[in-house]
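**Q** This is the structure, below, for whatever I ask next.
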Amino acid sequence: MKNKKLQSGYTLIELLTVMVVLVVVGMIITSILVSTLRSGNKSTTTNYIRESGNYAIAQMSKMIAYAKSFNGVYDEQASPNLWTDCVNSAGKTYHQVRVTAFDGGQTVFKCDTANNILSSNSANLVNPVDTVVTCSFTCSQNDTSTSPTINIFLTLQKLKPGGVASLLPEAQTVINFQTSVTLRNNVTDVTNP
């Protein structure tokens, strides 16, 4: 009688092959999960910036359109700096617009891109974690008998806590907003303090 030993178990080659297959499958699953999380973060960031920008544009548009009177745009380039009307100002860019409401209150919309602020009488119109990349106004008015049309241009980007832009591609969303608003009332009263 011959003593035959039964060999059972796996060879080293079979174990290494299984380990390689498991590592490859694990890497594929990990990359799918990371991609899904990144696209979810990008979508969340985009929606957040879009809501913030739409809110700011809507607030400015509503207050300008239903103002009692238009009190001018601020020309930083003029010497001396003056509030001016929109007649013959095609092509000029301004950073402040002033209107008066029916309750008599005056509102100044100011773009301060150096400090990342878009304000309405010093109250910030965008969330502090958003940065105002660019902001400007243009206006046009054929003559004093027509209502002025104000064009608002705004670009926002979300910041990380601490006020710095994120290095992650999904958080580097920059969105442009723009609208045109024509005043419903044709009253222009530009005075300089």
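The values are calculated or read from the model by the stated rules, or taken from the named source; none is laboratory data. Fair warning: this is a prediction, and the values are worked out from it, not measured in the lab. Backbone-built Cβ (ideal geometry, glycine too); neighbour counts: all protein chains shown.
**Q** Got a number for residues in region 74-131 being in contact with a Pro (Cβ under 8 Å, 6 or more places away or on another chain) and under 24 Å from THR146 (Cα atoms)?
**A** Qualifying residue count for the region: 2.
**Q** Still on this structure, I have one more. Looking only at region 125-155, how many residues end up being polar (S, T, N, Q), touching a residue at least 40 places away in the same chain (Cβ under 8 Å) and under 11 Å from THR113 (Cβ atoms)?
**A** 1
**Q** I'm checking my understanding of the structure. Among residues of region 43-60 that are polar (S, T, N, Q) and free of Cβ contacts under 8 Å to residues at least 12 places away in the same chain, which one is nearest to ILE117 (Cα to Cα)? First the steps, then the outcome.
**A** Applying the first criterion (polar (S, T, N, Q)) to region 43-60 yields 43-47, 52, 54, 59.
Filter again for free of Cβ contacts under 8 Å to residues at least 12 places away in the same chain, leaving 43-44, 47.
Values: SER43: 24, THR44: 22, ASN47: 20 Å.
Selected residue: ASN47.
**Q** Name the one entry in LYS92, LYS62 that is among the basic types (Lys, Arg), at pLDDT 90 or above and outside any strand (DSSP E or B).
**A** After applying the criteria, what remains is LYS62.
Rundown of residues vs (1) of a type in the set (Ser, Thr, Tyr); (2) under 22 Å from GLN141 (Cα atoms), yes/no style:
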residue: ASN54; (1), (2): no, no
residue: MET60; (1), (2): no, yes
residue: MET63; (1), (2): no, yes
residue: TYR66; (1), (2): yes, yes
residue: VAL99; (1), (2): no, yes
residue: PHE109; (1), (2): no, yes
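**Q** Follow-up question, since we're still on this one. Quick check on region 113-132: of everything there that is assigned to a strand (DSSP E or B) and modelled with pLDDT of 85 or more, which residue is surrounded by the most Cβ atoms within 10 Å (Cβ to Cβ)?
**A** That would be LEU118.
**Q** With the requirement that a residue be crowded, with 18+ Cβ neighbours inside 10 Å and either in contact with a Gly (Cβ under 6 Å, 6 or more places away or on another chain) or within 18 Å of ASN186 (Cβ to Cβ) (or both), what does region 49-67 give you?
**A** So in region 49-67, the residues crowded, with 18+ Cβ neighbours inside 10 Å come out as 49, 52-53, 56-57, 60, 64, 67.
Selection gives ILE64, ALA67.
**Q** Pairs please, first residue from region 175-189 and closer than 30 Å to THR45 by Cβ, second anywhere and surrounded by 13 or more Cβ atoms within 10 Å (Cβ to Cβ) and basic (Lys, Arg), Cβ atoms under 8 Å, 6+ apart in sequence or on different chains.
**A** ILE175/ARG50
**Q** Test GLU14 against the stated conditions and say whether it is among the acidic types (Asp, Glu), assigned to a helix (DSSP H, G or I) and closer than 22 Å to ASN176 by Cα.
**A** Criteria not met by GLU14.
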